[in-house]
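Student: Pasting a structure below so you can have a look.
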Amino acid sequence: MNGFIAVGLDGSEESLAAAHWAAREALLRGVPLRLVHSEQWSTTRDVTPITSAEMRSRWAETLLHDAADALHGSHPELGISTQSLDDLPARALASVATTADMLVLGSRGRGALTGFVLGSVGMAVLHSTERPVVLVRAGEDAIPHSRYHHADRELVVGVDTSRPCEALLAFAFEEAARRSCTLRALHCWTLPPLVGYGAAYDPRLHAQLEMSAKAGLDEMLKPWREKYPEVHVTARATVGHAAWQLVDAGAEAGLVVVGRRIRRSSVGAHIGPITHAVLHHTRAPVAVVAHQ
């Protein structure tokens, strides 16, 4: 592999947390890390620049230099480069992501129990790139000496058995293999109308539907289990809302992996409601993988 991990830096606590997470991910993959800062300041007559171009450039260089020094101190064997761009952050980061193995971004935390606030830059980048994007909030995963960012914790992936999701499963299995951790595959389904309510509830039909859903999940996972025999996989098909099941399953996970369907249309890219909810409410880092 000749790629790299890219991480966006803006000086916030969240972006520094993302940088530490990305450094440990780069070590797991055996690739270098690129620290990226981008800012485009208005030059219109109606807006007075806050600082001179020289001062802005110096601030960006200091930000990148200090972050690189801190990461080198924790991971002296890691190759680290820096890149400062004069462009809108979302556009610049999406451009960098096209040649990266993964883009890592910080995301503002709402608190210990409520997860992320996904800002406009993060949302725009997710819409603009088909490369994997990981959202990391500030917290224990930013601890510099935590060398492998809880690599022993299980990895959770949400699976929709009604549609192909090879890229999603490839990412999840490869990541679990790197970390030597358990992979928990979760598929959620809903009861047909009138099956689960009042006198219409039929426990035998419920059990049959549950068995069918589990069989579909096992069938989808079978070739990946054969390709990655070293990965311990637990598969669960459960009735309920997929977003909240994933949020609950990811409470103690090292990474939650969700998908985003690639849609090329006049209205642009789309992040589904399940992925959107997981991004906003999961405490663990979240990887969004675009796939067909």
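Student: Can you tell me which residue within region 275-289, out of those that are among the small types (Gly, Ala, Ser) and buried (at least 20 other Cβ atoms within 10 Å of the Cβ), is modelled with the highest pLDDT?
Tutor: It comes out as 287.
Student: Within region 227-266, which residues are touching a helix residue (DSSP H, G or I) at 6+ places or on another chain (Cβ under 9 Å), of a type in the set (Ser, Thr, Tyr) and more than 26 Å from residue 209 (Cα to Cα)?
Tutor: The one that is touching a helix residue (DSSP H, G or I) at 6+ places or on another chain (Cβ under 9 Å), of a type in the set (Ser, Thr, Tyr) and more than 26 Å from residue 209 (Cα to Cα): 228.
Student: Would you say residue 252 is in contact with a Lys or Arg (Cβ under 7 Å, 6 or more places away or on another chain), at pLDDT below 90 and surrounded by fewer than 20 Cβ atoms within 10 Å (Cβ to Cβ)?
Tutor: So residue 252 passes the test.
Student: Now for a separate question. Test residue 272 against the stated conditions and say whether it is buried (at least 16 other Cβ atoms within 10 Å of the Cβ) and in contact with a His (Cβ under 8 Å, 6 or more places away or on another chain).
Tutor: Spelling it out, it is not the case that residue 272 is buried (at least 16 other Cβ atoms within 10 Å of the Cβ) and in contact with a His (Cβ under 8 Å, 6 or more places away or on another chain).
Student: Evaluate the following for residue 93: is it assigned to a helix (DSSP H, G or I), modelled with pLDDT of 90 or more and not acidic (Asp, Glu)?
Tutor: Yes; evaluated as a whole, the condition is true for this residue.
Student: Let me ask something additional. Any chance you could count how many residues in region 54-84 are among the β-branched types (Val, Ile, Thr), within 18 Å of residue 12 (Cβ to Cβ) and modelled with pLDDT of 95 or more?
Tutor: Here is the first cut: in region 54-84, the residues among the β-branched types (Val, Ile, Thr) are 62, 80, 82.
Applying the additional criterion that residues be within 18 Å of residue 12 (Cβ to Cβ) yields 62, 82.
Applying the additional criterion that residues be modelled with pLDDT of 95 or more yields 82.
Here the count works out to 1.
Student: Of all residues in region 218-243, count the ones that are part of a helix (DSSP H, G or I) and closer than 13 Å to residue 172 by Cα.
Tutor: First pass over region 218-243, keeping only residues part of a helix (DSSP H, G or I): 218-227, 242-243.
Subsequent filtering for residues that are closer than 13 Å to residue 172 by Cα retains 221, 224-225, 227.
So the count comes out to 4.
Student: On to the next question. If I filter region 261-274 down to residues being among the basic types (Lys, Arg) and at pLDDT below 80, which single residue comes out as farthest from residue 244 (Cα to Cα)?
Tutor: Selected residue: 264.
The values are calculated or read from the model by the stated rules, or taken from the named source; none is laboratory data. Model, not experiment: these values are computed from the prediction. A quick note on method: Cβ atoms are made from the backbone with ideal geometry, for glycine too, and the neighbour counts reach across all protein chains shown.
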